[in-house]
Structures are given as structure tokens and as C-alpha cells.
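Each remark here refers to the structure printed beneath this line.
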């Protein structure tokens with residue numbers, strides 16, 4: 001009798017936990033739409049992510065740098081970070097996500113007297129990434145999830161020092177990339193919006209976007 005009573009108590013305790021993880025009781029269940037397409041952008045420029053950064057074409061804290069800083073001024077530009085993705089949901093809880101991401105940023109140096117372009121520094125990144133995704137809260141119109149992604153980024157770098165336009169270096173390279181997003185939320189049914197908080201090469205901070213489920 002004591003054993004059966006303990007089993008009953010444990011069953012009553014774990015029932016709501018298992019229902020929450022699965023997205024609610026079966027009688028209130030909803031069909032899984034296995035495919036998702038999405039586009040998104042980081043709310044801060046990508047240079048704030050790990051490894052995706054670009055900067056001045058000289059060292060402002062050295063003697064030559066101080067000289068250049070007095071002779072030239074700079075303007076900084078960025079495309080921001082953009083992503084398109086496809087997600088396949090195996091169950092209500094588990095999914096695999098694939099993303100293509102792009103960002104570029106550059107600094108242009110100008111002669112203070114003539115106002116003419118005198119040099120530039122450019123970095124652009126094109127990244128392919130695959131992520132393992134877990135939906136830990138499921139409702140018809142609201143879903144919450146976490147994911148961890150790994151990928152490879154192609155980097156194109158151009159660095160023409162101030163005062164030497166066209167005389168610098170051009171380097172193409174591949175670098176490893178990652179993204180860890182502990183909290184993301186989707187709101188909507190077939191057409192949905194999303195917001196994510198995470199850290200990595202794609203973004204550090206917040207990202208937002210929209211998608212379509214089918």
C-alpha cells in the first residue's frame with residue numbers, strides 16, 4: 001500500500017512537468033508544422049559579436065598614428081548583420097536549424113585639407129551555420145526555445161593605410177563561428193515574429209525577425 005501510494009504521488013508530481021515540456025496536455029495539442037523559413041537582423045551592428053570586427057587602418061596611440069590622426073579623419077560604416085534560415089522540427093521539442101549570415105563594415109580615411117579619400121579598411125563575413133534547437137515552451141501562438149550553432153565564416157579583408165590608397169593588403173580567410181542563444185521567443189502561427197537574446201559571432205545582445213511555418 002505504501003509503495004502504490006508513493007507511486008501515485010510521484011505520478012501526480014511529474015504529470016504537469018511532462019505536459020509543460022511537451023507543450024500541454026494531449027487533449028489540447030496542436031499539429032506540428034515541421035518546416036520554418038525565417039529572416040532576421042541583429043539590433044546592434046555585428047562588430048559587437050565575437051570575431052566579427054573591423055577598425056581603423058592605423059594605430060592612433062603610436063607616434064606615427066598620432067601624426068596620421070592629425071592629417072586624416074575617418075568615417076565608419078556597417079551593413080549590420082542579416083540572416084536567412086531554415087528550421088526542420090522533428091518533434092514539438094527538437095529541431096535542426098541552418099542559417100546563412102552576412103555582414104560587412106569599413107572605415108574610410110579622408111585628408112583633412114583636401115577632403116579626398118586617402119585610405120580604407122574593409123571586412124566582410126559570409127557565414128554558414130548549423131544549430132541544434134530545443135523548444136522548451138510550446139503553445140499554438142507562442143513558443144520559446146534555445147539553440148547552439150557552429151559554422152564557418154568566409155572573411156574578405158582589405159586594408160589600405162591612410163595616405164596609401166590602393167597600396168595595402170587583401171586577405172581572404174576562413175574562420176570558425178558559433179552562436180549560443182539561451183532564450184528565443186516566437187509569437188504567431190503560420191506567420192510569426194521572433195526575438196532572441198544571445199552571444200556569438202552573429203550577434204551579442206538581441207536579434208529580431210519574422211518567419212513562415214508550414
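Values in this text are rule-based calculations from the coordinates and carry no lab data. Please read all numbers here as calculations on a predicted model, not as lab measurements. Glycine also receives a Cβ, built like all others from the backbone with ideal geometry; neighbour counts cover every protein chain displayed.
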Exercise. Take the Cα atoms of the stretch 31-213, build their convex hull, and give its volume per residue in Å³.
Key: 107 Å³
Quiz item: Given that compact globular proteins tend to follow 2.2 N^0.38 Å, what is the ratio of the alpha-carbon Rg of the stretch 63-134 to that value?
Solution: 1.85
Quiz item: Is any residue of the stretch 66-110 close enough, with backbone N under 11 Å, to a label point placed 7 angstrom from the Cα of residue 32 along the Cα-Cβ axis, and if so, which?
Solution: 88-96
Quiz item: Classify the stretch 118-196: rounded, prolate or oblate, from the alpha-carbon gyration tensor (a ≥ b ≥ c, eigenvalue square roots; a/c under 1.5 rounded; otherwise prolate if a/b is larger than b/c)?
Solution: prolate
